[in-house]
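Peer 1: Before I ask anything, let me first share the structure, which is written out below as structure tokens.
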Amino acid sequence: MALVKAGVVVLDCAEPEKLAVFYKELLAAEQTDATANRVEIKGADGFRLAFRRDVNATPPSWPRPENSLQAHIDFVVEDLDAVERKVVELGGRPLETKDVAGPFEERGYADPAGHSFTVRLVTPTAPKQG
């Protein structure tokens, strides 16, 4: 029998209510819990995220090397361009720009509070280089 029943990825931020809206819209999720300092959402596939108030939260600087050892979230998607439009519409921004000559398997973004995440088409089969 498992000792841990469920896990939740928790992102610290200054305004958890606003960040919850960003991810709720991006993931078509529902809010499952809210207190004065924490908001939790759950996606249709069961993926759970929570946002905890930290008035001193400093956004990660990834991909800049001085603060590059950060956790990030990977999302598997079917249409990179459609997801990019939605991310930008919701207040996120691209982090990794690559040669615009063609499509790529993954793209990096930051949410409105600066947390990095990646959207990708397929599960990588080899370690990322660089």
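Peer 1: State yes or no: is residue 82 at pLDDT 85 or above, more than 12 Å from the chain's Cα centre (by Cα), within 21 Å of residue 121 (Cβ to Cβ) and small (Gly, Ala, Ser)?
Peer 2: When the stated conditions are applied, residue 82 passes them.
Peer 1: Here is a list of conditions, (1) small (Gly, Ala, Ser); (2) in contact with a Phe, Trp or Tyr (Cβ under 7 Å, 6 or more places away or on another chain); (3) modelled with pLDDT of 90 or more, and residue 68 meets all of them except one; can you say which number that is?
Peer 2: Evaluating residue 68 over (1) small (Gly, Ala, Ser); (2) in contact with a Phe, Trp or Tyr (Cβ under 7 Å, 6 or more places away or on another chain); (3) modelled with pLDDT of 90 or more leaves (3) as the failure.
Peer 1: Would you please name the residue that is nearest to residue 21 (Cα to Cα), looking only at residues in the range 102-121 that are open to solvent by less than 90 Å² (accessible area, probe 1.4 Å) and modelled with pLDDT under 65?
Peer 2: Of everything passing the filter in the range 102-121, 104 is nearest to residue 21 (Cα to Cα).
Peer 1: Looking at the range 92-100, can you tell me whether even one residue there is modelled with pLDDT of 65 or more, of a type outside the set (D, E, K, R) and assigned to a helix (DSSP H, G or I)?
Peer 2: No: zero hits.
Peer 1: Could you figure out which of (1) among the charged types (D, E, K, R); (2) open to solvent by 70 Å² or more (accessible area, probe 1.4 Å); (3) modelled with pLDDT of 90 or more isn't true of residue 40?
Peer 2: Looking at each condition in turn, residue 40 falls short on (2).
Peer 1: A further question on this structure: Within the range 48-57, how many residues turn out to be open to solvent by 40 Å² or more (accessible area, probe 1.4 Å) and either under 13 Å from residue 22 (Cα atoms) or modelled with pLDDT of 90 or more (or both)?
Peer 2: Within the range 48-57, residues that are open to solvent by 40 Å² or more (accessible area, probe 1.4 Å) and either under 13 Å from residue 22 (Cα atoms) or modelled with pLDDT of 90 or more (or both) number 5.
The values are calculated or read from the model by the stated rules, or taken from the named source; none is laboratory data. Quick caveat, the model's predicted, so the values are computed rather than measured. Please note: Cβ atoms are built from the backbone with ideal geometry, for glycine as well, and neighbour counts cover all protein chains shown. Side chains included, ligands, DNA and RNA excluded: accessible areas come from the protein's heavy atoms. Shrake-Rupley method; radii C 1.70, N 1.55, O 1.52, S 1.80 Å.
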